[in-house]
Amino acid sequence: MTAHQLERCLSGLFPNSKALPFGSSVNGFGGAGCDLDIVFVYDDAEVSTESRLVFQSKGCGGGGIRSQTQRQMELLGDLVQVFLPGCSMVKRILQARVPIVKYTQEITGVDCDLSLTNMCAVYMSELLYLYGELDHRVRPLVFAVKQWAQACGLTSNVPGRWITNFSLALLVLFYFQRVKILPSLDALILAARPEDVKFVDDINCTFLRDVSKLCRSADDSTGSKSIAELLCGFFDFYTKFDFATAGVSICTGSSIIKPDYSPIYIVNPLERSLNVSKNVSPEEVERLRVEVRNALWCLEGGGNLPQLLLKGGTTAPPIQHHHHYQRAMKHSRMVTVKDLFTEQS
Ligand code: UTP
Ligand code: MG
């Protein structure tokens, strides 16, 4: 309803437009009350051959695509604010890499992130959704990992130099591929049928959509693993993973040699030359490593799972060379320099 309201409102201006939900509210990895990501696609190529009149939107002006998108988003924000019943708290975030308009739809009770013509993100959500369909343990594990990351302060509602839920979901999928529960994206591409061929500009978003058509060999050794065992396995896998030299790619389902010096490298499955976790700072990767290790320690030592998911677990014995740093960071993202040099009591 929230997306539909926007679509109906703008359909007079843009006859072929669509407001498509994407992200965690539709990919199967969202919790109750998560934000709704919406992309407004106004320049749909489907042209009716019955009409002699063809809708065309204005081409790119002199200022380049980016400033044009910013102007359009600004206007979209105004339309939402001025005309749409129930929509309030409109915030325009136009300087971001992907300019967005945030607003709250008070009638449906949904917080929205609206962006423009980024169909790639919709196909990405479709891909994550399909992976969730392939094995019943995928969604609970992604959910548990998101919950754990939130509990120990690895993720935040505001964007910044820390890991996102999207990157975490890819880490979980990669782990499932390593233990042979999920197929690689390349396997889904290989199995694609003519109706699956999709391009967004020159980005190839082709992969098998009807996953019931996928031939998979039943692997008994992993088929019986419980979600709790897999959660332990996830933490064990990433405790041993060498983030310094290796990157994660769900395309091949195997680790890659990092092509640059980013502290953590997770291949964007649809644009393979990009790193989806490029934003993450070295300090946050260190924190991730520490917390993954803590979690494993917590679970292996008799494991209090509810505590791990609600409070982020207890701290494992510190890694020697970093212990002051770690202890200071445990409580907040901001490190007080003084705390780094105080003796541990
Ligand atoms: P979000 O950052 O909102 O993530 O990106 P999310 O999956 O909805 O998770 P939460 O619950 O809000 O934290 C929305 C979608 O945008 C696409 C993915 O499909 C993601 O699910 N996306 C995001 C990309 O394609 N590339 C990126 O680098 C980031
Ligand atoms: Mg989202």
Check your understanding: Long-range amide H contacts for L36: which residues qualify at under 5 Å (H placed 1.01 Å from N, peptide plane, sequence gap of 5 or more or a different chain)?
Key -> D111, C112, D113
Practice item. Return the FRET efficiency for the residue pair A228, L13: r is the Cβ-Cβ distance, R0 is 51 Å, and the value is rounded to the nearest 0.05. Key: 0.45
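Given R₀ = 30 Å, FRET efficiency for Y261-R66 by Cβ-Cβ distance, to 0.05? Walk me through the intermediate numbers first.
Working: r = 26 Å, r/R0 = 0.88.
According to the calculation, E is roughly 0.70.
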Practice item. Could you sort out which of K146/K258; K180/K240; K18/K198; K180/K225; K18/K102; K258/K278 sit more than 20 Å apart by Cα distance in this structure? Key: K146/K258
Check your understanding: Amide H neighbours of A191 under 5 Å, counting only residues 5+ apart in sequence or on other chains, H built in-plane at 1.01 Å?
Key -> L208
Revision key, fill the gap. Taking only C-alpha positions in segment 1-47, Rg and Dmax in angstrom work out to 12.2, 38
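Determine how many Å³ per residue the convex hull of the Cα atoms of segment 77-120 encloses.
Details: hull volume 3.4 nm³, N = 44.
Residue-normalised Cα hull volume stands at 77 Å³.
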Review point. How much net charge surrounds V101 when only other residues with a Cβ under 13 Å from its Cβ are counted (Lys, Arg +1; Asp, Glu -1)?
Key: -2
Point to revise | Distance (nanometres) between label positions extended 7 Å along Cα→Cβ at N204 and R97 | key: 2.3
Practice item. Determine one quarter of the surface area of the Cα convex hull of segment 127-215, which equals its mean projected area, and express it in nm² to one decimal. Key: 7.2
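At a Förster distance of 41 Å, what's the computed FRET efficiency of S88 paired with S273, Cβ-Cβ distance as r, to 0.05?
Details: r = 40 Å, r/R0 = 0.97.
Efficiency, from the Cβ-Cβ distance: 0.55.
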Review point. How many nm separate the modelled label positions at E283 and D43, each set 7 Å beyond the Cα in the direction of the Cβ?
Key: 4.1
Exercise for review: For segment 147-283, evaluate the Debye formula with one uniform point scatterer on each Cα (no solvent term) and list log10 I(q)/I(0) at q = 0.12, 0.15, 0.17 Å⁻¹, rounded to two decimals.
Suggested key: -0.55, -0.86, -1.07
Exercise for review: Note down the nm distance, to one decimal, between modelled labels 7 Å out along Cα→Cβ at V211 and at T239.
Suggested key: 2.9
Review point. For the residues E126, E300, what sequence is obtained by ranking on other C-beta atoms within 10 Å, fewest first?
Key: E300, E126
Exercise for review: Quick one: which residues, 5+ away or cross-chain, put their amide H under 5 Å from the amide H of V200? H built at 1.01 Å from N.
Suggested key: C205
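Any read-out appearing in this document is the output of simple, stated calculations on the displayed coordinates, not a laboratory observation. Predicted model only: the values in this text are computed from it and were never measured. Cβ atoms come from the backbone with ideal geometry, glycine included; neighbour counts cover every protein chain shown.
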